[in-house]
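Engineer: Take a look at the following structure, please.
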Amino acid sequence: MIKLSKEQCYAAIRDGEFGPDVRSAAPKVAIVLTQSWCSQWIHLRPRLEALPPAADRAIFWVEYDLEAWFDDFRSFKEDVFANREVPYLRYYRDGKLVAQSNFVDQAGFLSRLEGRP
């Protein structure tokens, strides 16, 4: 898993979407936007970290409550992405947004990432 940088998060705030360096980092990309205290994230994180490496996918994450720019990013996530829950996940294929979710188990995560029903 790859932690989103401050620069990547501020680029999303500026542009209204994550940049191609994130969205197109692999054919299949997931982005987890969360806060460190979230019990669902505490449950999901080790399961995502346990996934075997795969050249066709990239998983990004940020615990934005631990960042000095928390308020800026939280406002962006809640207002632009219209999601006030954590964790909030965005799924991309070939750089295009294909799904969104809040908490899912590992099977649900992989289903959305892989594009399976």
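Engineer: From the list 32, 104, which one is touching a strand residue (DSSP E or B) at 6+ places or on another chain (Cβ under 6 Å) and among the hydrophobic types (A, V, I, L, M, F, W, C)? Quick ask: steps written out before the conclusion?
Structural biologist: Working: 104 fails: touching a strand residue (DSSP E or B) at 6+ places or on another chain (Cβ under 6 Å).
Of 32, 104, the one residue that is touching a strand residue (DSSP E or B) at 6+ places or on another chain (Cβ under 6 Å) and among the hydrophobic types (A, V, I, L, M, F, W, C) is 32.
Engineer: Also: Can you find, within segment 85-110, the residue that is surrounded by the fewest Cβ atoms within 10 Å (Cβ to Cβ) among those that are hydrophobic (A, V, I, L, M, F, W, C) and outside any loop (DSSP other than H, G, I, E, B)?
Structural biologist: It comes out as 107.
Engineer: Of the conditions (1) in a loop (DSSP other than H, G, I, E, B); (2) closer than 23 Å to residue 5 by Cβ; (3) free of Cβ contacts under 8 Å to residues at least 12 places away in the same chain; (4) of a type in the set (A, V, I, L, M, F, W, C), residue 82 fails just one. Which one is it?
Structural biologist: (2)
Engineer: Related question: Please find, within segment 52-73, the residue that is surrounded by the most Cβ atoms within 10 Å (Cβ to Cβ) out of those that are aliphatic (A, V, I, L, M) and over 14 Å from the mean Cα position of the chain (by Cα). Full working, then the answer.
Structural biologist: Of the residues in segment 52-73, the ones aliphatic (A, V, I, L, M) are 54-55, 58-59, 62, 66, 68.
Now restrict to residues that are over 14 Å from the mean Cα position of the chain (by Cα): 54-55, 66, 68.
Details: 54: 12, 55: 7, 66: 10, 68: 7.
Checking each candidate, the answer is 54.
Engineer: If residue 15 meets every condition in (1) under 21 Å from residue 5 (Cβ atoms); (2) touching a strand residue (DSSP E or B) at 6+ places or on another chain (Cβ under 9 Å) apart from one, which number is that one?
Structural biologist: Just one mismatch for residue 15, condition (2).
Engineer: Just to verify a result, which residue in segment 11-51, among those that are assigned to a strand (DSSP E or B) and hydrophobic (A, V, I, L, M, F, W, C), is nearest to residue 65 (Cα to Cα)? So that I can check it myself, show each step before the final result.
Structural biologist: Of segment 11-51, the ones assigned to a strand (DSSP E or B) are 28-34.
In the following step, the residues that additionally are hydrophobic (A, V, I, L, M, F, W, C) were identified as 29-33.
Details: 29: 22, 30: 19, 31: 16, 32: 13, 33: 10 Å.
Step by step, filter segment 11-51, then rank; the result is 33.
Engineer: Would you tally the residues in segment 74-84 being buried (at least 16 other Cβ atoms within 10 Å of the Cβ) and more than 13 Å from the chain's Cα centre (by Cα)?
Structural biologist: 2
Engineer: Also: Read through the list (1) within 18 Å of residue 105 (Cα to Cα); (2) surrounded by 15 or more Cβ atoms within 10 Å (Cβ to Cβ), then give the number of the only condition that residue 12 fails.
Structural biologist: Unmet condition: (1).
Engineer: Quick one: what pairs do we get from segment 14-32, first residue farther than 17 Å from residue 77 by Cβ, second among the polar types (S, T, N, Q), C-beta under 9 Å, 6+ apart or different chains?
Structural biologist: Partner pairs satisfying both residue conditions: 21/8.
Engineer: Separate question: I'd like to verify a number: residues in segment 79-117 that are in contact with a Ser or Thr (Cβ under 9 Å, 6 or more places away or on another chain), over 16 Å from residue 32 (Cβ atoms) and small (Gly, Ala, Ser), how many?
Structural biologist: 1
Engineer: Separate question: Quick check on residue 3: is it touching a residue at least 40 places away in the same chain (Cβ under 8 Å) and loosely packed, with under 14 Cβ neighbours inside 10 Å?
Structural biologist: yes
Taken together, the values in this text are just the output of simple stated rules run on the coordinates, not laboratory data. These numbers come from a predicted model, not from an experiment. Ideal geometry is used to build each Cβ from the backbone, glycine not excepted, and the neighbour counts take in all protein chains shown.
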